[in-house]
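First up is the structure itself, then whatever we jot down about it.
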C-alpha cells in the first residue's frame, strides 16, 4: 500500500510538472500574440484586434494564476481553498474582458468608427488558429488528470482563444477585402459575448470530485 501511495504521488508530481510546462508555453506565446495584436490593433484602430490582444493579456494573467495554483500544490499539497481562489480569479479575468470589449465595440458601431486593414493582425490570428487548438487539447487532458477545475477553466480559455481567432480573422478579412468596417466591432462583440459566458460558467463550476481538491 505504501508503494502504491508513493507511485500515485510520483505520477501526480509528473502531471503537475507537465501542466507547468504547458503553462509556461501559454504565457510565452500569448505574450507575443498580445503584443502583436495590440500594436496592430492600435495602428489600424481595430477594436477586434485590440480585444484579441487584451484576451491574450487576460490569458497570460490566467496562466499566471494557474502557475501560482500549481506552485501551491507542489509545496503545500492540493488545497481546496487555493483551487477555488484560482478558479474565481480566472472567472474575473473573463468578466473584465467582456465588459471592456463589449463597451468599446458598441461605441465603434454607434459612432461608425472604420478600422484600417491590418495584415499583421490577420497573420497572428491565422497562426493562433493553428497553435491554440493543439495547446487547448493538451492542457485539458492534463487538467482532467489533475482533477483541477482551475486548470480546466484555464484550458477552456485557450480553447476560447481558438474561436476568437476564427471570429477575428473573418472580421479582419471582411473589412480588408469587402470593406465591411462593421465586421470588426461585430467580431469584438462576439469576443465579449464568449468571454461573458465563460466568466459565468467558470465562476459557477464545481470542483472535480474525484480529485484531491474535490
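Per-residue answers, yes or no, for (1) surrounded by fewer than 23 Cβ atoms within 10 Å (Cβ to Cβ); (2) part of a helix (DSSP H, G or I); (3) at pLDDT below 90:
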residue: 21; (1), (2), (3): yes, yes, yes
residue: 33; (1), (2), (3): no, yes, no
residue: 48; (1), (2), (3): no, yes, yes
residue: 66; (1), (2), (3): no, yes, yes
- Sort out for me the helices (runs of 4 or more DSSP H) sitting completely within the stretch 101-214 that have 2 or more residues that are under 25 Å from residue 13 (Cβ atoms) and without any contact (Cβ under 8 Å) to a residue 60 or more places away in the chain. 119-146, 149-173
- Message: Can you pull out every residue in the stretch 147-166 that is at pLDDT 85 or above and buried (at least 18 other Cβ atoms within 10 Å of the Cβ)?
- Response: 165
- Query: What is the one condition in (1) under 20 Å from the mean Cα position of the chain (by Cα); (2) at pLDDT below 80 that residue 75 does not satisfy?
  - Reply: (1)
- If you check residue 5 against the conditions, is it modelled with pLDDT under 85, more than 19 Å from residue 151 (Cβ to Cβ) and surrounded by fewer than 24 Cβ atoms within 10 Å (Cβ to Cβ)? yes
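The values are calculated or read from the model by the stated rules, or taken from the named source; none is laboratory data. Fair warning: this is a prediction, and the values are worked out from it, not measured in the lab. Please note: Cβ atoms are built from the backbone with ideal geometry, for glycine as well, and neighbour counts cover all protein chains shown.
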